[in-house]
Amino acid sequence: MRLSRRADLMLRGLSGLTLLFIYIPLLIIFIYAFNTSRVLEWPPPGFTLQWFSDAITNDGARDAFLLSLKVGALATTLALVLGTLASMAVARYSFFGRETISFLVILPIALPGIVTGVALNATFTEFLDIGLSLFTVVVAHATFCIVVVYNNVVARFRRLSGNLEEASADLGATPWMTFRRVTLPNIRTALVAGGLLAFGLSFDEIIVTTFTAGTGEQTLPLWIFQNFSRPNQLPVVNVVAVLVILISIIPVYLAHRLTRDEGGAAPTGGREGVAAQAEGLTAP
Amino acid sequence: MSEGVSHAGALWDSVAFVPPVQRGKEEPVSDHQVTEVGQPEERVDVRLKGVRRTYGDVVAVADVDLDIRHNEFFTMLGPSGSGKTTMLRMIAGFEVPDRGTVEVAGRDVTTLPAYDRDVNTVFQDYALFPHMSVAENVEYGLRIAKVAKGERAERRDAALEMVRLSGYGGRKPTELSGGQRQRVALARAIVNRPRVLLLDEPLGALDLKLRQQLQIELKRIQREVGITFVYVTHDQEEALTMSDRIAVVNEGGIEQIGEPEAVYESPDNAFVAGFVGISNIVERPGGDFSIRPEKIRVLADGEGGEGLQVESGTIRQVSYAGMVTRFHVALDEGGEVQVARQNAETTSHEDEDLPGRQVRVGWRPEHAVAVGAQSGNETSTEEE
């Protein structure tokens, strides 16, 4: 489609503005992390690395960070197993209620977090009466982490010829061998991409976490939220936010590249890598 | 054929068939392998007994009995949806019949999963593993069967040489052409030395020239390796060219089984006559008769036509097709027949003024084959 020169310029301008609007606040957080003042004042009066050393030695922040890693890893693992199984069932077999299951698996990502949170809280504390703990946060996170795994893997399965699995069986491989030698290698990048996105989702989740975490379980987002309102902690919060941004960008960027390169057939790095990087900076 | 080919054959023989290593599924020759007549050479490799398979209300395969002999090139020929692929898939183990039994080499494998059967399949879309190299694809079955590394490499190389892809082992399937992929699929199946090789329209996706070339190669390979081939196709010429026997499949059942000559020259019924080759069916006292176009001759003026059954008619249309010229003649006694004349000594120009002319046509009485009294509308199938 060819655009007129004016429309073209306008679209470029608006796209640029939108991106600026998204990324300038992140940049400001970056700058404040090095700000000598304890309050948010603009322009920052000076430059310091003080808050970084404070953040690193802050036990609360460190524990919260480690807990978030743990929750993310566990929820992602759970989501990988369940999401893969669900996508195999939906993509490879036809059975009564298949479309319904497909819909039900995807639904949690669309539900407002607050609804999921309240519902899970009621279920855990009253209906199941098991109390809130690390386990409940992990299960709660897995409900929406499954979705990204499922979506990635089911899309890969749809492109993958079902004949491959038949061919493998035909050549003497048991179902397990077929999964390990044929299915898994062909969905591996989809699994990694789905897993990275799932981890990213879990790592910065706050609403559902609020409702499902036990009193001792403070994830990093919860810690940030709690300390944000304490004036003397604010500089450390800024530093932690910067670290979270950096940590979140990595999995999303990797996932983006993995699904782009399709099965790792294309060489990474070189021109391809640069292209992917350039795309990655403008595409999302 | 080049020196390299016979060499490949020799290498294959030396590596592949002494001693036959199987996946531990081979059973001793049983009494199943003697036919009703009791001829010992009639070893049966595949036997379907009363096999039926339905999908909802659709009967894909309707109570089929079928014996496929050891080492034969057996073709299931039929239109799409006739059930031939379903039969193949039941032999392979991808489908389980609703009733009836499937035997491979005298052993009942009806409910055995595909990976426990001594058969291998060449798929229509090749189904090569995209994440593996050509060599890894070919070695896959051997690896699963835990064949030792040295023997594996030897057999892989022999198989690749047999399909003339030596030196392609390091490539990925995506780097090959359609014909090459098809050869890899064949090598990957055959390297396991299955009792029976199943081929599901393996040349369907290729263009005509390549298809004809691979037909000849497939036939050569089948002779070299001495494996029973069960070949599914809807292409009658392919079936006639390659097969030892053909089963003409229609609507889930088998219309006729026989050698290509038998199926072509003496079709059992109008469907077979119409599906295998071009057929003229005329209704005459005593039933419907099928006469092949090349068996009918347009008689010259004053020619007697001794020994022929002669009828008169009007030429409706003349079409020149290079090798042959086809005349469509409306017979006075009813029916229209196609007459094919080899253009051995004539040119097309002589025929230009023929439409509308009264002519006499003749055929030897034995070439009018009774095909029963059913449907008069199945006069011919369209050509390629």
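The values are calculated or read from the model by the stated rules, or taken from the named source; none is laboratory data. Nothing here was measured: the structure is a model prediction, and the numbers come from that model. Because the Cβ atoms are built from the backbone with ideal geometry, glycine has one as well, and the counts that use them run over all protein chains shown. Each accessible area value is taken on the protein alone, full model and side chains, heavy atoms only, with ligands, DNA and RNA left out. Shrake-Rupley method; radii C 1.70, N 1.55, O 1.52, S 1.80 Å.
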Tell me, what HN-Hα J-couplings in whole Hz come from the Karplus equation 6.51 cos²θ - 1.76 cosθ + 1.60 at θ = phi - 60° for each residue of segment B:226-239, using x for Gly and Pro?
x, 10, 5, 9, 10, 10, 10, 7, 10, 9, 5, 5, 4, 4
Express in Å², to the nearest 10, the accessible area of residue A:85 obtained by rolling a 1.4 Å probe over the protein heavy atoms while all chains stay in place.
100 Å²
Using modelled amide H (1.01 Å from N, peptide plane; none on Pro or chain starts), what sits under 5 Å from the amide H of residue B:253, excluding residues fewer than 5 places away?
B:62
Electrostatic dipole magnitude of chain A [Cβ: Lys, Arg +1; Asp, Glu -1; Cα centre; debye, to 20]
880 debye
Diffing segment A:204-220: the Karplus 3J(HN,Hα) column from phi (6.51, -1.76, 1.60, θ = phi - 60°), in whole Hz with x for Gly and Pro, holds 10, 6, 10, 5, 4, 4, 3, 7, 10, 7, x, 4, x, 9, 10, 7, 4
With every protein chain left in place, what is the accessible area per residue of segment A:190-249 in square angstrom, probe 1.4 Å?
41 Å²
Chain A: equivalent-ellipsoid semi-axes (sqrt of 5 x gyration tensor eigenvalues, Cα, Å)
37, 28, 18
Under the Karplus relation 6.51 cos²θ - 1.76 cosθ + 1.60, θ = phi - 60°, what is the ordered set of whole-Hz ³J(HN,Hα) values for segment B:159-170, x standing for Gly and Pro?
5, 5, 5, 4, 8, 6, 10, 4, x, 9, x, x
Residues whose built amide H sits under 5 Å from the amide H of residue B:121, excluding neighbours closer than 5 in sequence, are B:198
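Please give the contour-minus-distance gain from residue B:174 to residue B:62: 0.36 nm per residue of separation, less the Cα-Cα distance, rounded to one decimal in nm. Write down the numbers at each step before the final one.
Values: separation 112, 0.36 × 112 = 40.32 nm, distance 3.93 nm.
Separation in residues times 0.36 nm, less the Cα-Cα distance, equals 36.4 nm.
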In square angstrom, rounded to the nearest 10, how much accessible surface does residue B:91 have for a 1.4 Å probe?
0 Å²
Please list, or write none, the lysines whose alpha carbon is within less than 17 Å of the alpha carbon of residue B:84, excluding same-chain residues fewer than 8 places away.
B:49
For segment B:236-269, state which GluC sites (Glu not before Pro) are in a DSSP loop and have at most 16 other beta carbons lying within 10 Å of their beta carbon.
B:251
Need the list of lysines near residue B:172 for cross-linking: C-alpha distance under 24 angstrom, and skip anything on the same chain fewer than eight residues off.
B:146, B:149
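Based on Cα coordinates alone, diagonalise the gyration tensor for segment B:289-370, multiply each eigenvalue by 5, take square roots, and list the semi-axes in whole Å, largest first. Could the numbers behind the result be given before it?
Details: eigenvalues 74, 38, 33 Å².
Here the semi-axes work out to 19, 14, 13 Å.
Within 10 Å of each Cβ in A:153-165, how many Cβ atoms from other chains are there, averaged over the peptide?
Details: counts 0, 0, 0, 0, 0, 0, 0, 1, 6, 1, 9, 7, 2.
Per residue, the average neighbour count from other chains is 2.
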Out of A:34, A:135, A:258, whose Cα points farthest toward the positive end of the dipole of chain A (charges: +1 Lys, Arg; -1 Asp, Glu; placed on Cβ)?
A:258
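For the protein assembly as shown, what proportion of DSSP beta bridges, expressed in % and rounded to the nearest 5, is antiparallel?
Antiparallel bridges: around 75 percent, rounded to the nearest 5.
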Counting each DSSP H run of 4 or more residues in chain A as -39500 (n - 2.57), what helix-only mean residue ellipticity at 222 nm follows after dividing by all residues, to the nearest 500 deg cm²/dmol?
-24500 deg cm²/dmol
Rolling a 1.4 angstrom probe over the protein chains, ignoring ligands and nucleic acids, what is the accessible area of residue B:125 in square angstrom, nearest 10?
80 Å²
Whose amide H sits under 5 Å from the amide H of residue B:320, counting only residues 5 or more places off or on another chain, with H placed in the peptide plane?
B:326
Give the lysines reachable from residue B:209 as a straight Cα distance under 19 Å; neighbours fewer than 8 places away on the same chain don't count.
B:219
Accessible area expressed per residue, segment A:15-80, with surrounding protein chains retained (probe 1.4 Å, Å²)
62 Å²
Scattering from the C-alpha atoms of segment B:3-265 alone, worked out with Debye: what is log10 I(q)/I(0) at q = 0.08, 0.11, 0.16 1/Å?
-0.30, -0.59, -1.27
The helix A:270-282 Cα axis meets the longest alpha-carbon principal axis of chain A at an angle in degrees, between 0 and 90 and rounded to 10, of 60 degrees
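Please state the equivalent ellipsoid semi-axes for the protein assembly as shown: what are the square roots of 5 times the Cα gyration tensor eigenvalues, largest first, in whole Å?
Numbers: eigenvalues 953, 186, 126 Å².
Each semi-axis is the square root of five times an eigenvalue, giving 69, 31, 25 Å.
Where a ≥ b ≥ c are the square roots of the eigenvalues of the C-alpha gyration tensor, would you call segment B:232-314 rounded, which needs a/c under 1.5, or, failing that, prolate if a/b is larger than b/c, or oblate? Don't skip to the end; give the middle numbers.
Numbers: a/c = 2.86, a/b = 2.00, b/c = 1.43.
Since a/c reaches 1.5 and a/b is larger than b/c, the shape of segment B:232-314 is classed as prolate.
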